[in-house]
Amino acid sequence: MAGLTDRRSEREVLDRLVDAVRGGQSRALVVRGDPGVGKTVLLDYVAGRASGCRVARAAGVQTEMELAFAGLHQLCAPMLGPAEHLPAPQQDALRIAFGQAAGPPPDRFLVGLAVLSLLSEAAGEQPLICLVDDEQWLDHASAQALGFVARRLAADPVGLVCWTRRWPGRWMTGSATRSWPRRRATRWRCSSCPGG
């Protein structure tokens, strides 16, 4: 792929993640780098390599940082069909969070559970790769829910990859991290990916 000639080690890490998800395992990864380092090109690389997987994407938007659950809605909206199979409290929380029902602000624990259940349902049909670009611009509620999900991915074939400009990230504590500066990649630190 054009623009990735000097990113062999990064591509290998991302290929391992996609292969693991395709093989029925879950993975969570944070990619950290300064603007212009090529994070979005790497995101497109993952999407292009994810044949046989469903790909869901979201991007943090600075002007939406104050809109609770805006980023989460962007990621989950294409998968809302299986939401009808969620337990009623999770359905209600998700419907209120996404503006599909009226009610008091939803319990964030129930929203996190609902998203975890939704991703698990989607991955039951086809392995799922979730790509989140510009995490630093996600609204706090979305970042919190995705952190909850990332820490609880278990036996479902779900890969959650987050691109951010700053570290420590707000939600990926304990997950694999990779720092990719403009020059050669730094050392890989990984607590959840074998061989990392």
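What the table shows:
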item	result
Answer from A123, A101 - the residue that is at pLDDT below 95 and either open to solvent by 10 Å² or more (accessible area, probe 1.4 Å) or among the hydroxyl-bearing types (S, T, Y) (or both)	A101
Residue list for region 57-68, filter: in a strand (DSSP E or B) and buried (at least 20 other Cβ atoms within 10 Å of the Cβ)	A58
Top-ranked residue in region 110-120 [being among the aliphatic types (A, V, I, L, M) and under 11 Å from H85 (Cα atoms); ranked as surrounded by the fewest Cβ atoms within 10 Å (Cβ to Cβ)]	L118
Test: G71 is closer than 20 Å to R151 by Cα and part of a loop (DSSP other than H, G, I, E, B)	no
From G52, G71, residue being over 28 Å from R166 (Cβ atoms) and of a type outside the set (V, I, T)	G52
Residue within region 69-92 that is within 22 Å of A155 (Cβ to Cβ), open to solvent by 50 Å² or more (accessible area, probe 1.4 Å), touching a residue at least 24 places away in the same chain (Cβ under 8 Å) and among the hydrophobic types (A, V, I, L, M, F, W, C) present	no
Residue within region 77-97 that is hydrophobic (A, V, I, L, M, F, W, C), at pLDDT below 95 and under 24 Å from A20 (Cβ atoms) present	yes
Lone qualifier among L138, L67, L128 - being under 13 Å from the mean Cα position of the chain (by Cα) and at pLDDT below 95	L138
Some residue of region 33-55 being modelled with pLDDT under 90, buried (at least 19 other Cβ atoms within 10 Å of the Cβ), touching a Ser or Thr at 6+ places or on another chain (Cβ under 9 Å) and outside any helix (DSSP H, G or I)	yes
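The values are calculated or read from the model by the stated rules, or taken from the named source; none is laboratory data. The structure displayed is predicted, hence computed values, not measured ones. All Cβ positions, glycine included, derive from the backbone under ideal geometry; neighbour counts span all protein chains shown. All accessible areas refer to the heavy atoms of the entire protein, side chains included, with ligands and DNA or RNA removed. Shrake-Rupley method; radii C 1.70, N 1.55, O 1.52, S 1.80 Å.
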